[in-house]
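Taking it in order: structure first as structure tokens, then the write-up.
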Amino acid sequence: MRRLVLFFALLLIAGGASAQTLTRPKLKLGIKGGLDYHSNDFRSEEYRFDIKSNTGWFVGLEADLKWNRWGIHPELLFSHNALDVESPTGYENKIKLNKVDLPILIEYELWGLINLQAGPYFALYTKAKGASERFRQNMQDITRGEWELKRPGFGYAVGAEARLWKLHFTLRYYGTFGNGEGNGVYTYTDRDGNKVQVDDEIDGSVKMSNLQFGIGWYF
């Protein structure tokens, strides 16, 4: 999948650079929003935790600079999601994920309706934290879990956009080069009020990806 995306992006860039005739570029500005499906695959050598995928939302600004069929399409997007972390013993944590992404895409227009898009994106904010509390079996001590995820600051995006006058619909996949980092700590408070760590700190790698469906409007 990653090689196919890179090949597609290079093909778009090469085709745009070899175009014989460049007209005066046309600039459009717009807004967009929609659904953001966030997928995670957490791996640790000692522990198995399930970070469940979930659907959140995103909003943002976009620009479209076009020469004939070729163009450059940058966006500035903010998205929010909430992910559940489930441990083997049944403890559940909620991680709130807020991120700001800057995709800079090369696009090619087909049939005057569909625009194929591919290129890199940069993650301007890549931190996610969460915590939860749950009574232990003796119903006296409380176990607290704290989690933090860090995503790589650079990745790739590929997708398509359908345009109907000023209205447009976008379907896009975001992937990362390399894995992010996951870190979890579980503690409980004993009867004397002391905070005790249940196990060693949980470290692992997280493979993150996003699938977005958006609706936008060009001014």
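The values are calculated or read from the model by the stated rules, or taken from the named source; none is laboratory data. Remember, it's a predicted structure, so these values are computed and weren't measured experimentally. Note that each Cβ is placed from the backbone with ideal geometry, even for glycine, and that neighbours are counted across all protein chains shown. All accessible areas refer to the heavy atoms of the entire protein, side chains included, with ligands and DNA or RNA removed. Shrake-Rupley method; radii C 1.70, N 1.55, O 1.52, S 1.80 Å.
With open to solvent by 70 Å² or more (accessible area, probe 1.4 Å) and either among the acidic types (D, E) or touching a helix residue (DSSP H, G or I) at 6+ places or on another chain (Cβ under 7 Å) (or both) as the only criterion, which of E161, E148, E181 stands out?
E181
Hey, can you tell me all the residues within the stretch 27-59 that are within 17 Å of K99 (Cα to Cα) and touching a residue at least 40 places away in the same chain (Cβ under 8 Å)?
Passing the criteria: K32, G33, G34, L35, D36, Y37, H38, S39, N40, G56, F58.
For the stretch 187-219, name all the residues that are without any contact (Cβ under 8 Å) to a residue 60 or more places away in the chain and hydroxyl-bearing (S, T, Y).
T187, Y188, T189
Somewhere in the stretch 77-99, is a residue part of a strand (DSSP E or B), of a type outside the set (S, T, Y), open to solvent by 10 Å² or more (accessible area, probe 1.4 Å) and farther than 24 Å from E181 by Cβ?
No, the stretch 77-99 contains no residue that is part of a strand (DSSP E or B), of a type outside the set (S, T, Y), open to solvent by 10 Å² or more (accessible area, probe 1.4 Å) and farther than 24 Å from E181 by Cβ.
Taking L124, is it modelled with pLDDT under 85, aliphatic (A, V, I, L, M) and open to solvent by 80 Å² or more (accessible area, probe 1.4 Å)?
yes
For residues that are among the hydroxyl-bearing types (S, T, Y) and assigned to a loop (DSSP other than H, G, I, E, B), scanning just the stretch 23-76, find the one that is nearest to N115 (Cα to Cα).
Checking each candidate, the answer is T23.
Quickly run through the stretch 164-178 and pick out the residues that are of a type outside the set (F, W, Y) and surrounded by 20 or more Cβ atoms within 10 Å (Cβ to Cβ).
H168, T170, R172, T176
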